[in-house]
Structures are given as structure tokens and as C-alpha cells.
Amino acid sequence: MKEISIGLIGFGTIGSGVAKLLQENRDVLEARVGMSLRLARVADLDVETDRGVKIDRSILTTNADDVLQDPNILIVAELIGGYEPARTFVLTALRNGKHVVTANKALLAEHGAEIFGAAYQAGTQIAFEGAVAGSIPILRSLREALVANRFEKVLAILNGTCNFILTAMDETPGVSFDQVLGEAQNLGYAEADPSLDIEGIDAAHKLVLMLSLTHGIRVPVSRIHVEGITGIDPFDVQMAKEFSYKIKLLAVINDSAQGLEARVHPTMIPRNHPLARVNGVFNGIYLKCDAADEQLFLGRGAGKEPTASAVVGDLVEIARNIAAGCATRVPPAGYPEDRISASGITDIRNVVTNYYLRVQAADSPGVLSKISGVMARHRVSIHSVIQKGRHTSAGVPVVFLTHTAREADVRRAIAEVADLDVVKEPPVIIRIEDETIT
Ligand code: HSE
């Protein structure tokens, strides 16, 4: 049986998961692929810790060059994460003519032009299914199965940590963001330093990768409007419920009349929206395509075995392509490198959507008309309003849902509302994704 030699760099959670899956599912892999995927070398700084996988110790090395310079190794899986030395390893592997598999979304999102360019120059393949939504085969679906479609809208829950926190806040009235974050850390769902997750950066990295597949655009994360979930208040979660919404951290690509929108922020979605059933640490992606219409993908977005599933899937795809003599058959970023544009995202201020606005205001006659007067002057039309609670010196929360409005107008209105003498705190704004209120 033909054999393809693979080298791993990184023998931590994902790397050992990949080694284990290659071993435990060897029979089914060989039967399906008609080749043997042989783990030839595994590099990690720590080769002493027991990773819970049976491995011939002679293939372990602390020197990544033993993988990168081995002429027999055709595919290198980079599974150390982070920027350096991962970037150097990936570039060296590509320049040495090796194909690369990685699940490193931060690296690809921040250094995509350099890395995809190097693969293109070298005539080698780079595969990264595990980088976006873990086990869910969303990249291959966008790139291949749905290639005939224009992607009108992508709404994606791409961060399990945030989804776990927001789900718990929805299910347990009054529980605070900090309480749930602590619980997520105790359960091992959130990192000790969860800032990339809760600030929305991790979801933005994944959105950047999806955008090249859906629209052939590669922009730095700094060009994406990103808001995390740290400011989500239990009161707003409960108000969302009263309006039959759930709050989710969404990565949004919207090909709208205003231009191509790419943004990450907490969003209220109807409780009967397909994404509302994506709870806990699960990821979900909702697509609206011109031909295939609506699609929903749901699955585990992180973790040892789910990510290993995606990585081994990529190893198999490359091995099959090598065997067929066409390793670069499909452009990894979805479009040929010379067709990828470095611009094309519209500014967040051009976005037109619905808004939830909470204003902590004095409870006295004329307050509502003052606030709504400001909103009317900025062309922000009110769909509904609820005042909660009774008169106190701290004021009362007044919640507005708007008809569709332009972000620039909403920002100007809110800045003016915040300055009113009857308003006690900076207003809270959460965008709404609800096609039934226009
Ligand atoms: N930290 C990510 C999450 C998983 O919470 O979803 C890795 O992409």
C-alpha cells in the first residue's frame, strides 16, 4: 500500500489528538484513502510528558528542523499555535516544498498574504479546516460544495467560550458575565487568559479567513469592526428574552445594498432563528446563499478530538491530491491568489440594521419625548419602547427597539442622548438581526 509520511510540529492537546486519531482510525482511513498516513516525526519542546497516545519514541524530537528538513516528509502539520515560531515553521515547510496543515487561525488571519503567497509560489498546499469552527467542515463547504453560490449573508457563532457564557447568562437570570466566565474557566472551557475570546478577536480571526472564501477578500483584522461580550449585562439578556431574542456573539458577513459588511459583535437574534439552537460551547454557521438558499452548520468548534478530526481530514485531502498528482487542485483561500483583493469592506457606519438601545433615564414627565425627539432628528425610528421599574434617584431603564437605521445616525443620536441632563449613564447599544422588523 502506498504510504505518505507526515511530520507533526506540536505534540500538545491537538497534536496528540491527531496522533491518536491516525492510530485509532488507521483501518478506516486506509480503507477509505487506499494509502497509509504514516506519522514519521513528531517535534515538540517537551518530549517527556505522557500524552496518552502510544508512539514509537524514536520519532520524537525536540528539533523542528528534523521535521522541516526531512526529505521523506511530504506534509507538515503545524499545531503549536501562536505567531512565532509557528510562522517561521510554516514558511520554511512551504519553501522546502512540503504541504502544510494548520489550525492556527491567528497566524493565518494576521499573516495570510505572506503564508498563502508562499504556498502559491512553492506550488504547495496549505489546508486549515480546523482553524474555523473546529470540527465543522465549513471551509471545504464554502470552497467546494457551495462554490456555485453567491454568499448573501453569513451569521456565525465561532467562539465556544463566548457562546458558553452567553448561553449560561440566558439560562440563569441575573447571573453576571464575571460569574459565568469564572465557571467556564473552572470547567476548562475558557483559557486562563480569555481576552482573545471574550474581546471578539478570536471570532474576528475566523471571520477574516471565511471572508476570503466567500468573497475573495483578505483584510487584516484591524479592518473589521469587533466588539466582545465583556459589557453584556444580565439585565439586557433578560430584556432580550422579553422581546423573544437571544444574545449571541456573531461574526457577520453581509453583502448588502450598503456594501460588503464584515463585523463581529453581540447580536440579538429571534429565539426561533436557526442559530438560537446553537448553545453552550457549540459553534454554528448560518448561510444565506443565492442558489442553495439557507444552510445551517452546527458542531463542536474546539477541543482535542473535534479539532483532530478536521486536521486529519486535511491530511487526507492533501494525501489524496498528492496521489492524484494535483496537490494544488483547489486554491486554499477559495479564490486563486492573484484574484484575492486586499480591500472591499464597507465602514461599520454604513451598516443598516435594527438596534436595541437601553437608556438609564430620570422617571419624570417629558423624558421619553426628549429622547425620542433626538432619535427622530437623526432619522432613527422607534419600533417599540418599554420602561422597566419604578422611580429611583438612579433613574429607570428605558429600552427602545428601532426600525432599521443607519449606524452613523444611531451613533450620532446616542451621543446626543447621552448628553441629555435626564440621562444617567452611557446608553447600551446591541444590534438586532431580525428580518421581521424592518
Ligand atoms: N478559544 C476558541 C473558542 C477555540 O473558545 O471557541 C479555539 O478556536
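Figures for the structure shown
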quantity: Sole residue being closer than 24 Å to Ile437 by Cα and assigned to a strand (DSSP E or B), chosen from Ala262, Ala276, Ala240; calculated: Ala262
quantity: Enumeration of residues in segment 209-230 that are more than 16 Å from the ligand (Cβ to nearest atom) and among the small types (Gly, Ala, Ser); calculated: Ser212, Gly216, Ser222
quantity: Top-ranked residue in segment 150-182 [being surrounded by fewer than 21 Cβ atoms within 10 Å (Cβ to Cβ) and among the charged types (D, E, K, R); ranked as farthest from the ligand (Cβ to nearest atom)]; calculated: Arg150
quantity: Residues within segment 415-438 that are closer than 28 Å to Ala276 by Cα and of a type in the set (A, V, I, L, M, F, W, C), tallied; calculated: 5
quantity: Count of segment 113-126 residues which are surrounded by fewer than 24 Cβ atoms within 10 Å (Cβ to Cβ), small (Gly, Ala, Ser) and in a helix (DSSP H, G or I); calculated: 4
quantity: Every residue from segment 383-419 that is surrounded by fewer than 17 Cβ atoms within 10 Å (Cβ to Cβ) and hydrophobic (A, V, I, L, M, F, W, C); calculated: Val385, Ile386, Ala394, Ala408, Ala415, Ala418
quantity: Unique residue being of a type in the set (S, T, N, Q), touching a residue at least 12 places away in the same chain (Cβ under 8 Å) and in a strand (DSSP E or B) when the list is Asn354, Asn321; calculated: Asn354
quantity: Within segment 279-292, considering residues that are away from the ligand (no atom under 16 Å from the Cβ) and in a loop (DSSP other than H, G, I, E, B), the one surrounded by the most Cβ atoms within 10 Å (Cβ to Cβ); calculated: Ala292
quantity: Out of Ala119, Ala109, Ala103, sole residue that is away from the ligand (no atom under 16 Å from the Cβ), in the same structural domain as Gly10 (by TED's automatic domain parsing) and touching a helix residue (DSSP H, G or I) at 6+ places or on another chain (Cβ under 9 Å); calculated: Ala119
quantity: Given (1) more than 17 Å from the chain's Cα centre (by Cα); (2) within 16 Å of the ligand (Cβ to nearest atom); (3) on the phi > 0 side of the Ramachandran plot, number of the condition Gln185 does not satisfy; calculated: (3)
quantity: Criterion: of a type outside the set (Val, Ile, Thr) and either surrounded by fewer than 19 Cβ atoms within 10 Å (Cβ to Cβ) or at pLDDT below 95 (or both) - qualifying residue of Lys98, Lys54; calculated: Lys54
quantity: Residue that is farthest from the ligand (Cβ to nearest atom) [pool: residues in segment 191-208 that are over 9 Å from the mean Cα position of the chain (by Cα) and among the hydrophobic types (A, V, I, L, M, F, W, C)]; calculated: Ala192
quantity: Segment 368-381: number of residues that are surrounded by 20 or more Cβ atoms within 10 Å (Cβ to Cβ) and either among the charged types (D, E, K, R) or out of contact with any helix residue (DSSP H, G or I) (no Cβ under 7 Å at 6 or more places or on another chain) (or both); calculated: 0
quantity: Filter result (touching a strand residue (DSSP E or B) at 6+ places or on another chain (Cβ under 6 Å) and hydrophobic (A, V, I, L, M, F, W, C)) within segment 335-354; calculated: Ile345, Ile348, Val351, Val352
quantity: Boolean, Asp233 is in contact (Cβ under 8 Å) with a residue 12 or more places away in the chain, more than 13 Å from the ligand (Cβ to nearest atom) and touching a Ser or Thr at 6+ places or on another chain (Cβ under 9 Å); calculated: yes
quantity: Residue match in segment 298-311 (condition: crowded, with 17+ Cβ neighbours inside 10 Å, under 20 Å from Phe128 (Cα atoms), small (Gly, Ala, Ser) and more than 16 Å from the ligand (Cβ to nearest atom)); calculated: no
quantity: Helices (runs of 4 or more DSSP H) (entirely within segment 1-93) containing at least 3 residues that are among the polar types (S, T, N, Q); calculated: 13-24
quantity: Flag for Pro274 being touching a residue at least 40 places away in the same chain (Cβ under 8 Å) and on the phi < 0 side of the Ramachandran plot; calculated: no
quantity: Residue in segment 127-134 that is in a strand (DSSP E or B), within 16 Å of the ligand (Cβ to nearest atom) and out of contact with any helix residue (DSSP H, G or I) (no Cβ under 6 Å at 6 or more places or on another chain) present; calculated: no
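The values are calculated or read from the model by the stated rules, or taken from the named source; none is laboratory data. Quick caveat, the model's predicted, so the values are computed rather than measured. Neighbour counts run over all protein chains shown; Cβ positions are idealised from the backbone, glycine included.
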